[in-house]
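Take a look at the structure below.
Coordinate-derived values only; no laboratory data. Worth saying up front: this structure is predicted, and the values here are computed from it rather than measured. Please note: Cβ atoms are built from the backbone with ideal geometry, for glycine as well, and neighbour counts cover all protein chains shown.
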Amino acid sequence: MSDRHLGRGDTAVITGAASGFGLELARLCARRGMNIVAADVQTDALQRAQHELTALGATVLPFRLDVSHAQEVEAMAAATAEHFGVPHLVFNNAGVGAGGLIWEHTLADWQWVIGVNVMGVAHGVRVFTPLMLEAAARDPGYEGHVINTASMAGLVNPPNMGVYNVSKHAVVALSETLYHDLSLVTEQVRAHVLCPFFVPTGIGHSERNRPQELSDAKARPTRSQLIAQAMTDKAVGSGRVSAETVAQFVLDAVRDDRFYVYSHPNALGSVQTRMEDILQQRNPTDPLKDAPEMGRQLRAALRPR
């Protein structure tokens, strides 16, 4: 496998394309002369992205959608096929974040985060993979790649990030299963999973795009949720690896046929510790053991006074 087919005239479908990893990957694809289906829930940001990508030389089909809605993803696939044919790259990237103690998440919190982070990826896989397999069956030269955005929180379980951890573990499981399932039927369509750590993107403020029907106007943020937001803002804002760099890592992984894509490989020690906990049947290691002051502050803030 190589990225020889990811070039001029080929097509990339990117959700969450108006900011963060999605926009940066769209920019890289645009510079290659690819067609881009740019999907996002933010209409104004999507319009700005369309203008920029067009100026870079891409033919762009903007598509405003909420990835948690199956019919909207299906409509995007139909529009993609009509305008460009079967895509060569599908980046199921749209995601939202929510923190706090796991029992304090409301039903609406669970529905929103799982709907976008898990079902959004599931819809993309369900809708686009059959089209890509059909293209592979017709054309021995066709090459397709499905990249799903998970998180390091899909490989470890930091405290005070419950619903987000659950959603991203599901994306890793979905992606690994997709990789194995595809290997049963083809060598022409490949799967990859992106597991970024703290990188400056807009996910820390995804609440602004939360649908009204999944908002609870009566539910005020709990102490744990306010703390989680503040810690996320600080960690994401201070990230030294850019979204642009991570987008290039994605294309490098496609070129090299690597399944796991990391923004911070040096953070994998925590994954190894978790695996050792499981294999040695020991209780979960404190994920903040290497940041004891942070752990002390978090416990002091959350325990009854």
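Observations
- Rh (Kirkwood; distinct C-alpha pairs) - region 28-150, Å: 15.6 Å
- For region 79-143, a crude dipole built from +1 on the beta carbon of Lys and Arg and -1 on the beta carbon of Asp and Glu, taken about the Cα centre, is about 60 debye to the nearest 20.
- Calculated from backbone phi, Karplus (6.51, -1.76, 1.60) coupling profile of region 36-43 in Hz, x at Gly/Pro: 10, 9, 9, 10, 6, 8, 8, 5
- Inverse mean reciprocal Cα-Cα distance (Kirkwood Rh) of region 11-302, Å: 19.6 Å
- Between residue 78 and residue 173, the modelled labels are 3.2 nm apart [label points 7 Å from Cα along Cα→Cβ].
- Per-residue Karplus couplings for region 253-265, computed as 6.51 cos²θ - 1.76 cosθ + 1.60 with θ equal to phi - 60°, are listed in order as 5, 4, 4, 8, 6, 9, 6, 7, 10, 10, 8, 9, x Hz, Gly and Pro entered as x.
- Model label points for residue 45 and residue 275, set 7 angstrom from Cα along the Cα-to-Cβ axis, are 3.4 nm apart.
- Among 57, 154, 97: highest mean-square fluctuation, GNM of the chain, C-alpha pairs under 10 Å: 57
- Alpha-carbon geometry of region 239-280: the Rg and the Dmax are 13.1, 39 Å, given in that order.
- Close amide H partners of residue 94, meaning residues 5 or more places away or on another chain with modelled amide H under 5 Å apart, are 15, 16.
- Relative packing of 265-275, 75-85, which averages over residues the other C-beta atoms within 10 Å, highest first: 75-85, 265-275
- From phi via Karplus (6.51, -1.76, 1.60), per-residue ³J(HN,Hα) for region 111-125 in Hz, x at Gly/Pro: 5, 5, 5, 5, x, 7, 6, 9, 5, x, 5, 4, 5, x, 5
- A cut-off under 11 angstrom between Cβ atoms defines the neighbours of residue 199, and their net charge, with Lys, Arg +1 and Asp, Glu -1, is -1.
- Bridge type composition, the chain - antiparallel percent by DSSP, nearest 5: 0 percent
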